[in-house]
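Asker: Can you keep this structure in mind? I'll have questions shortly.
The values are calculated or read from the model by the stated rules, or taken from the named source; none is laboratory data. These numbers were taken from a predicted model, which means no experiment stands behind them. Backbone-built Cβ (ideal geometry, glycine too); neighbour counts: all protein chains shown. Calculation scope for accessible area: heavy atoms of the full protein, side chains included, ligands and nucleic acids excluded. Shrake-Rupley method; radii C 1.70, N 1.55, O 1.52, S 1.80 Å.
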Amino acid sequence: MIEINAKLLRDQSAVFMCGEIVECFIDFIHPSLPEHKISQSNSDILENLAWATVQLHCYCNASFNEKSSTDGAANRNVGGSTSLNASNQLKGEVLHSTEPKILFCDLRLSPGEAKQFLYRETVPLNTPPTYRGIRVKYYYKITVATQRLGSTVQALNIPIRVLPLPLPQSDLDEAITLNDESNEDLAPNNPFLEKKRPPSRIEYALHYLRGVTARRRPNFFMINNKWGKVGRFCLFKSAYKLGEDIVATIDFSCGTIKCVQLSVTLQCEETELNSGNSSAVVTTDTKHELAGSDDADPSEAANEPERHKHISRVTNYSKHHEVCLGMLQTQVILPIPLHVTPTFRTNLVEVSWRLHFQFVTSTNAELSSEILLDRTTANEDELEWVAPTDIAIETMIWSLPITIYPTAPLQIPQPCGEYKLHIK
């Protein structure tokens, strides 16, 4: 019997960014024979493995694309396939795979002997992040395949989570990112100091990530309906990292109608773009939209029919609910979970984030409290306000797009255990 153990070198977090190096220890162990068992031949002592390879696979499992995936798989089988594809029965199709690395050929192990190998691979840049949506799923596996003489090919899969690599989307963002390093070039050179190496792609992306999510530029939105003003909403920034809190304020003092109840929900919207092509090009475009008023942008109205052609599905996460009747101001705090997928877009699906508001307003005259504000100390004990039993309400819905970026992989606690495979 051969025992295969696989464990990531970074065991405290099995999360990586696109372009980051993945390292994994792979052990091939031949357990010792029990003391009461006596070897009858040389075959009982030595275990022989013909070969072993390792590679990184990115899988795409789209439920609305199952028929085309099945037909494509059937066509590939007609043309011939390797035994590794037959042994690795995972859901979905292989979207991308790295070049297989051969660990050994013709490995012989005696009882109690073990061989350890270190696998190093760079996560591809042009692949989508790990995403488990409603209709579309992307996931990554490190596949260790081996074959024992006289047996079939067996595979051991080690799952990892991949985050998109945040890169500047414009020349302005790139200039702001490199602003901190531009001053160092103007300093006089010291021949006795070691020359500073240029930052790697991951360091450059993390530096840009800290800069783009730390900018605070408050955005104010006036919430209106056909009866008047409801209030003013203030969002301190529109770009967030995984694990951050979305903090905002709502001012009802400038409103002309009463807001009885408020609900804010962090929603993830999954939009199907193209069911016939699953190749992925990851982007993180930022959207800006103002809703809640009667005025509409003609360009948005022209794009509205095209937008409704795609099927969208919404998943709710954090939620803030509050009865705000009589309040002048309130605060909204929504935590962003660490296990969700940041904003990204491929040729198959677009994942975006938004804040979904529900304002319950009322124009009932009995809710007016001006008489209480004008009371004096003389008749203070005589005044009493009785809440009405029934009020006429109206619900107003508004969605505000936001952008969620990934965070540093080491900040996501996702321990990776040890994966084992027994070959008998």
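Asker: Does the range 90-163 come out rounded, prolate or oblate, given a ≥ b ≥ c as the square roots of the eigenvalues of its C-alpha gyration tensor, rounded meaning a/c under 1.5 and, failing that, prolate meaning a/b above b/c?
Answerer: On the way: a/c = 2.71, a/b = 2.06, b/c = 1.31.
Note, shape of the range 90-163 comes out prolate.
Asker: Just to confirm a number: summing +1 for Lys and Arg and -1 for Asp and Glu over residues other than F236 whose beta-carbon lies under 12 angstrom from that of F236, what do you get?
Answerer: Neighbourhood net charge equals +2.
Asker: Please turn the phi angles of the range 335-344 into ³J(HN,Hα) values with the Karplus equation 6.51 cos²θ - 1.76 cosθ + 1.60 (θ = phi - 60°), one per residue in order, whole Hz, x for glycine and proline.
Answerer: The phi angles translate into x, 9, x, 7, 8, 7, 9, x, 5, 7 Hz.
Asker: Taking H as built 1.01 Å from N, whose amide H comes closer than 5 Å to the amide H of C18, not counting residues under 5 places away?
Answerer: Residues meeting the amide H criterion: L163, L165.
Asker: Residue by residue through the range 250-257, which ³J(HN,Hα) values in whole Hz follow from phi under the Karplus form 6.51 cos²θ - 1.76 cosθ + 1.60 (θ = phi - 60°), with glycine and proline marked x?
Answerer: Listing the rounded values in order: 10, 10, 9, 5, 8, x, 9, 10 Hz.
Asker: Using alpha-carbon pairs under 8 Å, 6+ residues apart, how would you state the relative contact order of the range 188-258 in percent? Mind showing how you got there, number by number?
Answerer: On the way: 74 pairs, mean separation 17.8, N = 71.
Across the range 188-258, relative contact order equals 25 percent.
Asker: Please list 263-270, 95-102, 158-165 highest first by mean number of surrounding beta-carbon atoms within 10 Å per residue.
Answerer: Working: 263-270: 18.8, 95-102: 14.2, 158-165: 21.2.
In descending order of packing, they fall as 158-165, 263-270, 95-102.
Asker: A follow-up question, please. Amide H neighbours of G133 under 5 Å, counting only residues 5+ apart in sequence or on other chains, H built in-plane at 1.01 Å?
Answerer: Placed amide hydrogens put Y138 under 5 Å from G133.
Asker: Further question on the same structure: Arranged from highest to lowest average of other beta-carbon atoms within 10 Å per residue, in what order do the peptides 147-157, 336-346 appear?
Answerer: 336-346, 147-157
Asker: Each residue of the range 206-214 in order: what ³J(HN,Hα) in whole Hz does its phi give by Karplus 6.51 cos²θ - 1.76 cosθ + 1.60, θ = phi - 60°, with x for Gly and Pro?
Answerer: 5, 5, 5, 5, 5, x, 6, 8, 8
Asker: Using a 1.4 Å probe over the heavy atoms of the protein chains, calculate the carbon and sulfur portion of the accessible area of the range 90-141 as a whole percent. Don't jump to the answer; show the numbers that get you there.
Answerer: Numbers: 1370 of 2840 Å².
Ligands and nucleic acids excluded, carbon and sulfur give 48 percent.
Asker: Skipping prolines and chain starts, which residues have an amide H placed within reach, meaning under 5 Å, of the one on L9, given they are 5 or more residues away or on another chain?
Answerer: Under 5 Å from the amide H of L9 lie the amide H atoms of E23, C24, F25, each far enough along the sequence or on another chain.
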